[in-house]
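**Q** If you scroll down you'll find the structure; I have some questions about it.
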């Protein structure tokens, strides 16, 4: 690894300290980004291998804490995260099987930690600064937490009656129990954050007044304006916006839906609306999408459970108009045809002329997205009149006024919003003090050969236990559908993790080129190379392979292909292969570092 390192004498929670170093070299950051794909895919940079390993060792509280360092609400995210980590999991690569059920392991740590588990916060001395955060959704909560931990006095303003934003008002209780949400919100507020609910900025108090009262103001008000289809009949009685629909249910004012419900949309909100409509008594519920199931922006588990409940997904149709006189009677659709993939990652969809047909409906729920609601304030606005914040610095054109989360970017996922809130808090603290309070580093530590057994690679993915279909709607339609892993099942799933934070390296000065490591490797991860191409930052960019022994310069382990089975170490006759643990970690800077 690199030479830009800092030696440290303290270890982690599960093993004694031994030769620990911290690196800030770009080459080491590049290494982790390539070789620990789950952590790199997580917007919050959660140390996935570490918390899975802690759970495997039976340290449920430590596993929970390793999550909470960066994602703050493991019990919540263990239920409703969009799971970008699983999309990049090495176990899910071609010929290796299915991705580790990372999200459910996270939940298992939350479910099984000791009831008296104590949360420890890395707190800094008081700053003497006051910051107001507007909005208590995932971005606002994360920002408030980190600013308070940094030493600022934080006031959190929420327009609705209770904190949580879309977590409380946009996600049904059968996916996210309110006691879990409330507990994790309280664990954030306990840092001394002042919460004021029922305060609408722009109506009850102005942004200008907040800037006068506080040293900095952060707008994290989310997206509460529903997008419209802009088709004839959209404003007929019986046509509801998806956001209003789920918020009414969350507030205890469930609307009447009738027997037949059509939901238009392809995201989590559309699926939540469909499943909620079923629980309100609808007998025939369909989700109508312009593209195919392959293009859906929800998890496979969500699609599976939705279908199990009897909801149909009707693909390749686009709404032309809502049909009806005094109230909605149905929707006219056209068949569609998918074309090329656009720069946005989505496919272009075109309607097929002459393919129109009508689907009857008593209720139509439009869940095609939402945007931020304009808040009266000074500063540069976008075309919709919404305050603009820089996507990297979160600063607006007004000094000391910032914007983050979905309010700043448009709708994203919970984990993306939470990560954005933390980054905004870091920027505000640095702007207020001229100091950095935390930094990302690469932690490198000598490790033992893996104790993973080769047979563990063939353990099937452990599916999440769930409430039987016949018990989901009655007698309690808010019952949580996913039951959670019991300890034994969580252990089995944790075994499947390859522990990609382990780094295997051959000492060329000791290697005798016997090929035993190559022959023992279950995958083509140990290579004869003629050249190692290194980029400007010192990171390995390419291994030039050769089959001609006359051109071999080294035998190299390609850690991006390695599944950390340890066979190479076991068979090496000259003990030339070392193992180290390489982790991306967030470190507190004592006293604050220079900006």
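The values are calculated or read from the model by the stated rules, or taken from the named source; none is laboratory data. Source: prediction; values computed, not measured. Positions of Cβ are generated from backbone atoms using ideal geometry, with glycine treated the same way; all protein chains shown enter the neighbour counts.
**Q** State whether one or more residues within the range 220-235 are in a helix (DSSP H, G or I) and more than 19 Å from residue 313 (Cα to Cα).
**A** Filtering the range 220-235 down to residues in a helix (DSSP H, G or I) leaves none.
No, that holds for no residue.
For every residue, the table says whether it meets (1) touching a strand residue (DSSP E or B) at 6+ places or on another chain (Cβ under 9 Å); (2) free of Cβ contacts under 8 Å to residues at least 24 places away in the same chain; (3) under 22 Å from residue 457 (Cβ atoms); (4) not in a loop (DSSP other than H, G, I, E, B).
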| position | (1), (2), (3), (4) |
| --- | --- |
| 46 | no, no, no, no |
| 87 | no, no, yes, yes |
| 103 | no, no, yes, yes |
| 116 | no, yes, no, no |
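**Q** Any residue in the range 414-430 that is in a loop (DSSP other than H, G, I, E, B) and either outside the structural domain of residue 281 (by TED's automatic domain parsing) or touching a helix residue (DSSP H, G or I) at 6+ places or on another chain (Cβ under 7 Å) (or both)? Write out each step before concluding.
**A** Going through the range 414-430, the residues in a loop (DSSP other than H, G, I, E, B) turn out to be none.
Scanning the range 414-430 turns up no residue that is in a loop (DSSP other than H, G, I, E, B) and either outside the structural domain of residue 281 (by TED's automatic domain parsing) or touching a helix residue (DSSP H, G or I) at 6+ places or on another chain (Cβ under 7 Å) (or both).
**Q** Looking only at the range 520-540, which residues are touching a strand residue (DSSP E or B) at 6+ places or on another chain (Cβ under 7 Å), more than 20 Å from residue 97 (Cα to Cα) and surrounded by 13 or more Cβ atoms within 10 Å (Cβ to Cβ)? Let's see the steps before the verdict.
**A** Within the range 520-540, the subset touching a strand residue (DSSP E or B) at 6+ places or on another chain (Cβ under 7 Å) is 525-535, 540.
Imposing the further condition that a residue be more than 20 Å from residue 97 (Cα to Cα) reduces the set to 526-535, 540.
Passing the criteria: 526, 527, 528, 529, 530, 531, 532, 540.
This table checks each residue for (1) surrounded by fewer than 24 Cβ atoms within 10 Å (Cβ to Cβ); (2) part of a loop (DSSP other than H, G, I, E, B).
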{"residue": "122", "(1), (2)": "yes, yes"}
{"residue": "126", "(1), (2)": "yes, yes"}
{"residue": "132", "(1), (2)": "no, no"}
{"residue": "136", "(1), (2)": "no, yes"}
{"residue": "148", "(1), (2)": "no, no"}
{"residue": "162", "(1), (2)": "yes, yes"}
{"residue": "195", "(1), (2)": "yes, no"}
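**Q** Considering only the range 457-487, state which residues are modelled with pLDDT under 95, crowded, with 16+ Cβ neighbours inside 10 Å and not in a loop (DSSP other than H, G, I, E, B).
**A** Residue satisfying the conditions is 457 alone.
**Q** Can you confirm whether residue 399 is closer than 30 Å to residue 150 by Cβ, assigned to a loop (DSSP other than H, G, I, E, B) and at pLDDT 95 or above? Give the derivation first.
**A** Values: closer than 30 Å to residue 150 by Cβ: yes; assigned to a loop (DSSP other than H, G, I, E, B): yes; at pLDDT 95 or above: yes.
Yes, satisfied.
**Q** Residue 78: at pLDDT 95 or above, crowded, with 21+ Cβ neighbours inside 10 Å and outside any loop (DSSP other than H, G, I, E, B), yes or no? Working first, answer last.
**A** Working: at pLDDT 95 or above: yes; crowded, with 21+ Cβ neighbours inside 10 Å: yes; outside any loop (DSSP other than H, G, I, E, B): yes.
Yes, satisfied.
**Q** Only residues that are over 33 Å from the mean Cα position of the chain (by Cα) and either free of Cβ contacts under 8 Å to residues at least 12 places away in the same chain or surrounded by 17 or more Cβ atoms within 10 Å (Cβ to Cβ) (or both): list them for the range 491-508, please. Working first, answer last.
**A** Filtering the range 491-508 down to residues over 33 Å from the mean Cα position of the chain (by Cα) leaves 506-508.
Scanning the range 491-508 gives a single hit, 506.
**Q** With the requirement that a residue be modelled with pLDDT of 95 or more and assigned to a loop (DSSP other than H, G, I, E, B), what does the range 338-367 give you?
**A** 352, 353, 354, 355, 356, 361, 362, 367
**Q** Need pairs with beta-carbon distance below 8 Å; first residue under 9 Å from residue 145 (Cα atoms) and within the range 188-199, second at pLDDT below 95 and in a loop (DSSP other than H, G, I, E, B); sequence gap 6+ or separate chains.
**A** 191/121; 191/123
**Q** Would you check if there is a residue in the range 319-327 being surrounded by 19 or more Cβ atoms within 10 Å (Cβ to Cβ), assigned to a strand (DSSP E or B) and not assigned by TED's automatic domain parsing to the domain that holds residue 404?
**A** Checking the range 319-327: at least one residue is surrounded by 19 or more Cβ atoms within 10 Å (Cβ to Cβ), assigned to a strand (DSSP E or B) and not assigned by TED's automatic domain parsing to the domain that holds residue 404.
**Q** I would also like to ask the following. Which ones in the range 542-595 are more than 24 Å from residue 513 (Cβ to Cβ) and either surrounded by 12 or more Cβ atoms within 10 Å (Cβ to Cβ) or at pLDDT 95 or above (or both)? Reasoning before the result, please.
**A** So in the range 542-595, the residues more than 24 Å from residue 513 (Cβ to Cβ) come out as 581-595.
581, 582, 583, 584, 585, 586, 587, 588, 589, 592, 593 - these are the residues of the range 542-595 that are more than 24 Å from residue 513 (Cβ to Cβ) and either surrounded by 12 or more Cβ atoms within 10 Å (Cβ to Cβ) or at pLDDT 95 or above (or both).
**Q** Restricting to the range 498-522, and then to whatever is part of a helix (DSSP H, G or I) and out of contact with any helix residue (DSSP H, G or I) (no Cβ under 7 Å at 6 or more places or on another chain), can you tell me which residue is farthest from residue 40 (Cα to Cα)? Talk me through it step by step, then tell me what you get.
**A** First pass over the range 498-522, keeping only residues part of a helix (DSSP H, G or I): 516-520.
From the residues that got through so far, the ones that are out of contact with any helix residue (DSSP H, G or I) (no Cβ under 7 Å at 6 or more places or on another chain) too are 518-519.
Working: 518: 28, 519: 31 Å.
Out of the qualifying residues, it is 519.
**Q** Check off (1) over 26 Å from the mean Cα position of the chain (by Cα); (2) at pLDDT below 95 for residue 335 and give me the number that stays unchecked.
**A** (2)
**Q** Return yes or no: is residue 289 at pLDDT 95 or above and over 30 Å from residue 209 (Cβ atoms)? Steps first, please.
**A** Working: at pLDDT 95 or above: yes; over 30 Å from residue 209 (Cβ atoms): yes.
It is true that residue 289 is at pLDDT 95 or above and over 30 Å from residue 209 (Cβ atoms).
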